[in-house]
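Novice: Okay, handing you the structure first.
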């Protein structure tokens, strides 16, 4: 069965600094990997995905993530954080051999301070 | 707005009562998912429909939970004899049938409080 770990409950960065939100995964086969963001009182919004191809994927709002198969990681990054990036971020994985069971991490709360 | 919609947004009920939630997916999406999210946790998969067929159910979905998608469009999730442990955010998501589209699009959720 697949699983996701987000080792940091909270990440704090200053506005303008680069940010990284960590994610590691475990699957039996090859993974489909996703990042979602959740703002207060809003549903999860899709940011980006890795399905196949280039290990570096770019998504919405200037975010990108790098798939690292050897380290089973899919860390979310942004070169310059904005205060408006403050939100809850979830990593998710689906094994390509599964039907549609997508597993989410517990989430990382990102706070960007001015 | 053509996103996923859920109703009601909030529901407060007494223990033992039945509740029903509705999800309207994005119109061209044939796949629909239900998740449950509790505080401090990520969404947990409950069940999945392709068109009107319920193809997968999590072990989290006890006998008190039932989901339907009778015409392959909107879906309902019913919880019978609610318990305090059912208090959570119930999320609905949909995805398209296209081979290159794997991401799911989420609604705003229904927050259930069982008193």
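A short reminder: the numbers here are calculations on the coordinates, not readings from a lab. All of these numbers come straight from a predicted model, not from anything done at the bench. Ideal geometry is used to build each Cβ from the backbone, glycine not excepted, and the neighbour counts take in all protein chains shown.
Novice: For chain A, with equal point scatterers placed on the C-alpha atoms only and solvent neglected, what are the log10 I(q)/I(0) values from the Debye formula at q = 0.11, 0.23 1/Å, to two decimals?
Specialist: Debye output, listed in q order: -0.32, -1.33.
Novice: Given Cα pairs under 8 Å that are at least 6 residues apart, what percent is the relative contact order of chain A?
Specialist: 38
Novice: Can I ask one more? Working from the pairwise distances between different alpha carbons, so that the mean of 1/r is found and then inverted, what is segment A:54-95's Kirkwood radius in Å?
Specialist: Averaging 1/r across every pair of different Cα atoms and inverting gives 11.6 Å.
Novice: Related question: Most mobile of B:40, B:72, B:16 per a Gaussian network model of chain B (Cα springs, under 10 Å)?
Specialist: B:40
Novice: Which residue fluctuates most in the GNM of chain B (Cα springs below 10 Å): B:11, B:71, B:57?
Specialist: Per the Cα network of chain B with a 10 Å cutoff, B:71 tops the list.
Novice: On average, how much area does the Cα convex hull of the protein assembly as shown cover when viewed from any direction, in nm²?
Specialist: 12.6
Novice: Please list, in order, the residues from segment A:1-43 whose amide nitrogen is less than 14 Å from a point placed 7 Å along the Cα→Cβ vector of residue A:66.
Specialist: It comes to A:19-23, nothing else.
Novice: Tell me, what does the Kirkwood hydrodynamic radius of chain B come to in angstroms if you use every pair of distinct C-alpha atoms?
Specialist: Evaluated over chain B, this radius sits at 14.1 Å.
Novice: Another question about this same structure. Starting from the Cα-Cα distance between residue B:51 and residue B:7, subtract it from 0.36 nm times their residue separation and give me the gain in nm to one decimal.
Specialist: 13.8 nm
Novice: Over chain B, what is the relative contact order in percent, taking alpha-carbon pairs closer than 8 angstrom and at least six residues apart?
Specialist: Across chain B, relative contact order equals 37 percent.
Novice: Just to confirm my numbers, what's the Cα centroid distance between segment A:70-101 and segment B:25-64 in Å?
Specialist: Value for the Cα centre distance between the two parts: 20 Å.
Novice: Return the FRET efficiency for the residue pair residue A:83, residue B:26: r is the Cβ-Cβ distance, R0 is 35 Å, and the value is rounded to the nearest 0.05.
Specialist: So, using R0 = 35 Å, E works out to roughly 0.70.
Novice: Just counting partner chain Cβ atoms within 10 Å, what average do the residues of peptide B:103-110 show around their Cβ?
Specialist: Partner Cβ neighbours, averaged per residue: 5.
Novice: Just to be sure I understand: with springs between alpha-carbon atoms less than 10 Å apart, which residue in B:93, B:53, B:67 has the highest mean-square fluctuation in the Gaussian network model of chain B?
Specialist: B:53
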